[in-house]
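Below is one structure, written out as structure tokens; the observations come after it.
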Amino acid sequence: MKPAILLVGTAAAAAAAVDSVLARMASSYIQRPVRQSWGYDEATLYFGLQASLLHTQDEAVVAWLRNQIDAVVLGDGSIKDFNHTYYSLDNYRIANNYLWWYERTGEDKFKIAADSIRAQLNRHPRTPLGGFWHRQPNYPNQMWLDGIFMADNFYAKWTSLFDADNTTAWDDIVGQYDLIDSRTHRLSSNLRVHGYDESKVAVWADDFDGRSPLVWSRALGWYAVSLVDLLGDFPKTHPGYERLLGYFQSVGNGLKRSIDDGGWWLVMDFPGRDRNYLESSASAMFTYALLKGVRLGYLPASYQATADKAFETLVDRWVTENEDGTLNWEGTVEVGSLNSNASFEYYVSVPIQQNDHRGGGAFLLAAYEAEVRSKQD
Ligand SMILES: *[C@@H]1O[C@H](CO)[C@@H](O)[C@H](O)[C@H]1NC(C)=O
Ligand SMILES: *[C@@H]1O[C@H](CO)[C@@H](O)[C@H](O)[C@H]1NC(C)=O
Ligand SMILES: *[C@@H]1O[C@H](CO)[C@@H](O)[C@H](O)[C@H]1NC(C)=O
């Protein structure tokens with residue numbers, strides 16, 4: 001789709017916001033059935049839809065979100081079909097949505113639900129160095145970049161709202177980033193590999209520090225989004241703040257160096273290799289992180305052109321239109337897991353799906369930032 005409407009960058013563009021690709025994509029997603037679950041994929045879509053509301057104030061989106069979450073958070077604040085002794089970071093991400101609803105409505109049930117996830121974090125199993133396991137029992141002693149997005153933004157948001165003086169919690173949060181960054185940072189490119197196994201027993205773990213071999217773009221996308229959002233919630237007076245900013249700037253540098261034809265490769269180690277391709281969910285997450293990073297001054301203004309080009313590519317390459325006027329989001333890989341041999345062959349063997357919630361959610365975030373930008377000019 002041609003991105004013309006959005007990049008006009010005038011007051012007229014602002015006036016046209018109701019018809020923007022952001023509004024249209026949000027409205028398209030709520031016209032399709034979405035599982036009423038606490039899964040992180042739904043949570044990512046809801047996160048994007050919530051961002052869209054900052055521009056559109058579309059009451060139909062609010063009502064739809066409410067209907068979705070009421071099926072998950074019951075009247076007494078319990079979470080439907082949720083197992084509080086099954087420790088999977090993926091299942092914590094949606095607690096950000098509980099907090100969003102609590103801040104919006106003040107209803108106790110959302111606070112109760114959020115608190116139950118916060119309490120679960122205190123019991124979540126950890127590596128010897130203190131990192132949250134990606135999942136018990138499946139991934140002992142493993143930290144994945146994905147898990148940082150799943151758990152630590154909620155941990156920080158909850159702490160900022162209800163426990164801001166708890167230095168132990170802030171130390172623990174920054175500690176998660178310190179640990180995974182030190183183990184996954186590839187110094188030559190400033191990219192990060194997918195994860196590491198502190199016990200070094202996974203088939204993919206290297207003998208020296210347990211790291212997985214390749215840079216899978218969506219995992220790095222989760223990490224980039226997590227960092228850019230965390231910087232808004234993490235106390236600037238805490239000594240860890242500068243380190244977090246440094247990780248984000250380093251990732252930003254890696255992204256600026258690795259953008260190719262406006263997007264980013266699925267397996268970032270092998271640009272252009274046969275069966276590799278530019279992947280849409282990671283490209284959307286990187287675009288959001290870069291646009292927001294420049295807007296908030298975390299990244300130099302010299303990154304703006306890269307971010308703008310990336311957004312134009314998202315719309316051009318991965319937004320398609322149906323005859324009824326609804327929009328689709330294309331080109332998102334279904335999954336990429338370290339429950340695999342973590343090889344190039346594995347990552348490229350996973351199918352692509354249309355209207356994926358993680359890809360679409362990330363696109364809404366990027367489109368939100370692009371609209372902020374178009375109004376600034
Ligand atoms: C919750 O998960 C734990 C760990 O997998 C399992 O042992 C337990 O049986 C589950 N409980 C329910 C009610 O499914
Ligand atoms: C502060 O945070 C730590 C780390 O998460 C937690 O163990 C502790 O219970 C919290 N303290 C209070 C008073 O909530
Ligand atoms: C890794 O797994 C993929 C399938 O996911 C397979 O095609 C490939 O041969 C495996 N590689 C090794 C070295 O086992």
In this structure, the FRET efficiency calculated for Lys236 and Glu323 from their beta-carbon separation, with R0 = 56 Å, to the nearest 0.05, is 0.65
Tell me, in nm to one decimal, what length is gained between Ala71 and Arg243 on full extension, where the rule is 0.36 nm per residue of separation less the Cα-Cα distance?
58.0 nm
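Provide the packing ranking of 305-314, 135-144, 68-77, i.e. peptides ordered by the mean count of other C-beta atoms within 10 Å per residue, highest first.
Per-residue Cβ counts within 10 Å, averaged per peptide and sorted highest first, yield 305-314, 135-144, 68-77.
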Describe numerically, in nm with one decimal, the distance between label points set 7 Å from Cα along Cα→Cβ at Asp19 and at Arg104.
2.7 nm
In this structure, the FRET efficiency calculated for Asp316 and Tyr277 from their beta-carbon separation, with R0 = 22 Å, to the nearest 0.05, is 0.90
Helical contribution to [θ] at 222 nm, DSSP H n ≥ 4, -39,500 (n - 2.57), averaged over the chain, rounded to 500:
-16500 deg cm²/dmol
Note down the nm distance, to one decimal, between modelled labels 7 Å out along Cα→Cβ at Val203 and at Val372.
4.2 nm
For the chain, what is the per residue volume of the convex hull drawn over the alpha-carbon atoms, in cubic angstrom?
135 Å³
When the charge dipole of the chain is computed with +1 at the Cβ of Lys and Arg and -1 at the Cβ of Asp and Glu, the Cα pointing farthest to the positive end, of Ser212, Ser337, Ser302, is that of Ser302
Can you give the relative contact order of the range 287-366 as a percent, counting alpha carbon pairs under 8 Å and 6+ residues apart?
29 percent
Subtract the Cα-Cα distance of Arg257 and Gln354 from 0.36 nm times their separation in residues, and report this length gain in nm to one decimal.
32.1 nm
Estimated inter-spin distance, Leu129 and Ala301, nm [label 7 Å along Cα→Cβ]:
3.9 nm
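I need the peptides 218-226, 28-36, 78-86, 46-54 ranked by packing, meaning the mean over residues of other C-beta atoms within 10 angstrom, with the highest value on top.
218-226, 46-54, 28-36, 78-86
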Suppose every K and R has +1 on its Cβ and every D and E has -1 on its Cβ; what is the size of the dipole of the chain about the Cα centre, in Debye to the nearest 20?
340 debye
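Here, each number is a calculation from the coordinates, and none is a lab measurement. Keep in mind it's a predicted model, so treat the numbers as computed, not measured. Cβ sites come from the backbone with ideal geometry, for glycine too, and all protein chains shown count toward neighbours.
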